[in-house]
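The values are calculated or read from the model by the stated rules, or taken from the named source; none is laboratory data. Quantities reported herein were computed from a predicted structural model and do not represent experimental measurements. Ideal geometry is used to build each Cβ from the backbone, glycine not excepted, and the neighbour counts take in all protein chains shown.
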Amino acid sequence: MSKERSFIVYGTPVAKSRARFGNGHHFTPKRTREEQARVAQAISSEWMLPPLTGAVVLDLVYVFERPKSHYRTGRYSHLLKDNAPKYHIIKPDRDNLEKLTKDAMTTAGVWKDDCQVVAGSTSKRYGAEARVEITIRELPE
């Protein structure tokens, strides 16, 4: 029987920044470390199972709040402009969002390593409240 869990991590999704080099040292930007720790904490409070050991399906939905510039003004400020984009086709990139989330899930003890993720989907969209919706399912052996 497969274990499946779904949960939501609230807050504006942040992409994993590339590691930087300076003074001969390799370091991860502070914002990335802080966000990864925040997401790992939120996940570990929801994930009360032992780490998954088999193949995993991971579905991620990143929801971003629309900027004010997408809305009309005045008494119609609750309505979207005709030219407001339907899809979230701006940065952060989907793959960099995924990297931070998967690293946070490793830290939170969801699995032993993110190489166990063999399938799934990742999408970005606009919504009322910024968040990432996570669904994890371990495949039967």
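Got at least one residue in the stretch 33-49 being polar (S, T, N, Q), farther than 15 Å from Arg5 by Cβ and touching a helix residue (DSSP H, G or I) at 6+ places or on another chain (Cβ under 7 Å)?
yes
Could you grab me the full set of residues in the stretch 64-92 that are among the aliphatic types (A, V, I, L, M), within 12 Å of Tyr126 (Cβ to Cβ) and part of a loop (DSSP other than H, G, I, E, B)?
Scanning the stretch 64-92 gives Ala84, Ile89, Ile90.
Go through the stretch 93-129 and give me each residue that's in a loop (DSSP other than H, G, I, E, B) and either at positive phi or buried (at least 17 other Cβ atoms within 10 Å of the Cβ) (or both).
Ala108, Gly109, Val110
Within the stretch 1-35, how many residues turn out to be at pLDDT 70 or above and closer than 30 Å to Glu141 by Cβ?
Of the residues in the stretch 1-35, 7 are at pLDDT 70 or above and closer than 30 Å to Glu141 by Cβ.
I need the full set of residues from the stretch 106-123 which are of a type outside the set (Ser, Thr, Tyr) and touching a helix residue (DSSP H, G or I) at 6+ places or on another chain (Cβ under 6 Å), in order please.
The initial filter retains those residues of the stretch 106-123 that are of a type outside the set (Ser, Thr, Tyr), namely 108-120.
Selection gives Ala108, Asp114.
In the stretch 130-141, what count of residues is obtained for those that are assigned to a strand (DSSP E or B) and hydrophobic (A, V, I, L, M, F, W, C)? Step through it out loud before you land on a result.
First, the residues of the stretch 130-141 that are assigned to a strand (DSSP E or B): 131-138.
From what is left, the residues that are hydrophobic (A, V, I, L, M, F, W, C) are 132, 134, 136.
Summing the residues that are assigned to a strand (DSSP E or B) and hydrophobic (A, V, I, L, M, F, W, C) in the stretch 130-141 gives 3.
When you go through (1) in contact (Cβ under 8 Å) with a residue 60 or more places away in the chain; (2) exposed (fewer than 15 other Cβ atoms within 10 Å of the Cβ); (3) on the phi > 0 side of the Ramachandran plot one by one for Gly74, which number turns out not to apply?
The single condition Gly74 does not satisfy is (1).
Output the number of residues of the stretch 72-102 satisfying the condition of being closer than 17 Å to Ile134 by Cα and in contact with a helix residue (DSSP H, G or I) (Cβ under 6 Å, 6 or more places away or on another chain).
2
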